[in-house]
Every structure is written in C-alpha cells, then in structure tokens.
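> This is the structure I have questions about; it appears just below.
The values are calculated or read from the model by the stated rules, or taken from the named source; none is laboratory data. Every value quoted in this text rests on a predicted model; they were computed, and no experiment measured them. What goes into the accessible areas is simple: the full protein's heavy atoms, side chains included, and nothing from ligands, DNA or RNA. Shrake-Rupley method; radii C 1.70, N 1.55, O 1.52, S 1.80 Å.
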Amino acid sequence: MRDPKDILLVTGMSGAGKSTVLRTLEDLGWEVVDNFPLLLLDRLLGAPLPEGADQSTQPLALGIGARTRDFDPERIVQRIKQLQDVYGHDIGTLFLDCAGSELERRYSETRRRHPLALDRPAADGIARERELLAPLRKWANRLIDTTTLTANELAQQVRTTFSGEGLGEPTLSVTSFGFARGLPRNADLVFDMRFLRNPHWVPQLRPGTGLDADVAAYVAADPAYESAVGQIESLLLLLLPRYRAEGKSYVTVAFGCTGGRHRSVHVTERVGARLRAEGFSPTVSHRDLDAAPQDSLEGAPDETQNNGARVA
C-alpha cells in the first residue's frame, strides 16, 4: 500500500447533491470513485494511478451511499477507523443532508424514484434512508445542509473548502496569433494589438519576430503601449482569480496582430512573464510565429507609425 494520503468519503441523503460534489472535486484535481465498496479499498490504493496523476499528492474522494454494494454504515465506520489507525490515512467524511420536504420536491420534479422506495412514495424511502445513514451522519466530521442551496452554490462551497494548494487552478494558456489566419480555437479572451505600430514596415525589423530585442523595443516605444498593455495585465489579474473561483478548468488568453509574428508575440511574452511573477503558471505559445512575412497580409504601411523610430 502507498504512503498515507488524504481520503474523503462523500455520503448523505440521496438527492442531496452527492453527484455535484463529486464532479466538483474531480474538476479540482481529486481522484474520484463513486459507489466503491470499502472492502476493496486496499486494492484501489495499491493500484497504479491514472497517467498524468500526481502519485504523491492527489487526494481521493469516494462516493458511498445506499446504492453502494454491501452498504453497511456501522461496518463502514469501523473500516474508516482501521484505515486511520493501521495505515495512517487522513480520512474525512462529508455528509450531505437535506430536509425531507425538499428531497420530496426534488424527486417529484425529476420524476426519479427513491432507491429505497422503488414501489412506494419517496417519503418512505427518505425516512428509511435517514435512519440507515444515522451512524455515518454522527461520525462525519463535515456536514453540508443543501436544503436551500442551488447546485452552483453547493459547487462553490465545495471549491472554497476543498480546493487546497495546487488544486483547482485552471489550465492557463497565453498565445499569440495572426488575424490574417483566423482566430484561435477556444480562446476565452482576445486582445487586438493592431493599434500598435507595425515592425513589418521597417525593413531591418521585418525578418525578425517579437522574440527579438530590437523588435520588442520598437513595439514597446509606441506611445500607447505601456498604458494599454498595463491595463490589460491589470484586467487579467482581476479576472483570473474569478475564473478559478467559478471552477473554470481552462482559460486561454490570445493576443493578435495582423501576421502573428511581431506585436502579438512580444505582448504575449510580456504578459506571460507578468503572470508568472504574480504566481500563475501560464503556458506561452505562438501559433503563427513561423509563418512567412507577406506584405499583402499586413495591408498598406502607415507613414506616421515609423516617425522617430528609424532603425540603423
């Protein structure tokens, strides 16, 4: 068996939100298994983790309930104690409760049958399940009453409580592109850098890219550059934590210019560096960096944009 790890048992009343909790935990980076018999937990903990999973830190959430095979709350409590005492696992139990009247309303709206009252009113199954789960409810060290919570509010509460360090961070991508070759797929935020003066029309700079120091200096010397890019960075620093709080798994920020080789490349590099300095971990890429420069893509040069910026 592996080293001790964090394990969360998610249980509670049917219809109280267990599926919502498990989906949210999975989005946060937890390994999630639903309706898994605890008798097989040793085998699960000894099995190799999925490809790409962190072998040492990924927490495990197990959904258990009345529909779990061989479900016996008293025996489950004893099994939890054994796993804690013998193997040192940190095992928490989250119990999801809900008022009977609200559970009846939910079953009525969804037209689902209660698992413990397939041929009887839902109220009978709710009462039986509440009695059956009493030992687990008493044992649980975390309890959430979902009577007045929407699914989104419940997910938000789970994200706040269980995100942990390194969990729940959206996959952040910052990319450059050329409008002449179309918008990047799945971009969440797109910023147009074509208001900046274009190095393409400076013969000495045209062969270069936004990764080159002289091209970057030329772009950064535009009078609007510092104010505009600085405000974009401030906007991203405001929005990215909000996306995280809302559980967004992927965020792609795209900077475009005409050809995708000069202005957008430099700004992407700058913004990526600023986000890293602020504690984010963006993946920086340049979709059209290797595209051949072409005058017809860039349009006619603006005679005013090169004033005072001749390159020797």
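> In terms of modelled amide H atoms, which long-range or inter-chain residues lie less than 5 Å from the amide H of Ala61?
For Ala61, whose amide H was placed from the backbone, the distant partners under 5 Å are Leu8, Glu31, Val32, Val33.
> With a 1.4 Å probe and every protein chain left in place, tell me how much accessible area Trp139 has, in Å² to the nearest 10.
Looks like 90 Å² after rounding.
> Same structure again: Solvent-accessible area per residue for the range 117-178 at a 1.4 Å probe radius, Å²?
Working: 3380 Å² over 62 residues.
For the range 117-178, the per-residue accessible area is 55 Å².
> I would also like to ask the following. Express the relative contact order of the range 166-240 as a whole percentage, based on alpha carbon pairs under 8 Å and six or more residues apart in sequence. All intermediate terms of the calculation are to be shown ahead of the outcome.
On the way: 23 pairs, mean separation 13.8, N = 75.
Relative CO of the range 166-240 lands at 18 percent.
> For the range 92-148, with all protein chains present and a 1.4 Å probe, just round the carbon and sulfur fraction of the accessible area to a whole percent.
Numbers: 1610 of 3340 Å².
The C+S portion of the solvent-accessible surface of the range 92-148 is 48 percent.
> Averaged per residue, what accessible surface does the range 195-295 expose to a 1.4 Å probe, in Å²?
Numbers: 4540 Å² over 101 residues.
On a per-residue basis, 45 Å².
> Would you kindly find the accessible area of Asp119, with a 1.4 Å probe and non-protein molecules such as ligands, DNA and RNA excluded, rounding to the nearest 10 Å²?
130 Å²
> Using the Karplus curve 6.51 cos²θ - 1.76 cosθ + 1.60 with θ = phi - 60°, what ³J(HN,Hα) values do you get for each residue of the range 181-196, in whole Hz, with x for Gly and Pro?
Coupling constants for the range 181-196: 10, x, 5, x, 5, 6, 6, 8, 10, 10, 10, 8, 9, 6, 6, 7 Hz.
> Another one. Residue by residue through the range 130-143, which ³J(HN,Hα) values in whole Hz follow from phi under the Karplus form 6.51 cos²θ - 1.76 cosθ + 1.60 (θ = phi - 60°), with glycine and proline marked x?
Rounded to whole hertz, the list is 4, 5, 5, 8, 3, x, 6, 5, 5, 7, 4, 9, 9, 9.
> Shifting gears a bit: Could you list log10 I(q)/I(0) for the range 137-268 at q = 0.12 Å⁻¹, which the Debye formula gives when each Cα is one point scatterer?
After summing over all Cα pairs, the log10 values are -0.60.
> Turning to a different aspect of this structure: Please list the non-local residues whose amide H lies under 5 Å from the amide H of Thr252, H modeled 1.01 Å from N, same-chain partners needing a gap of 5 or more.
Ser173, Asp188, Leu189
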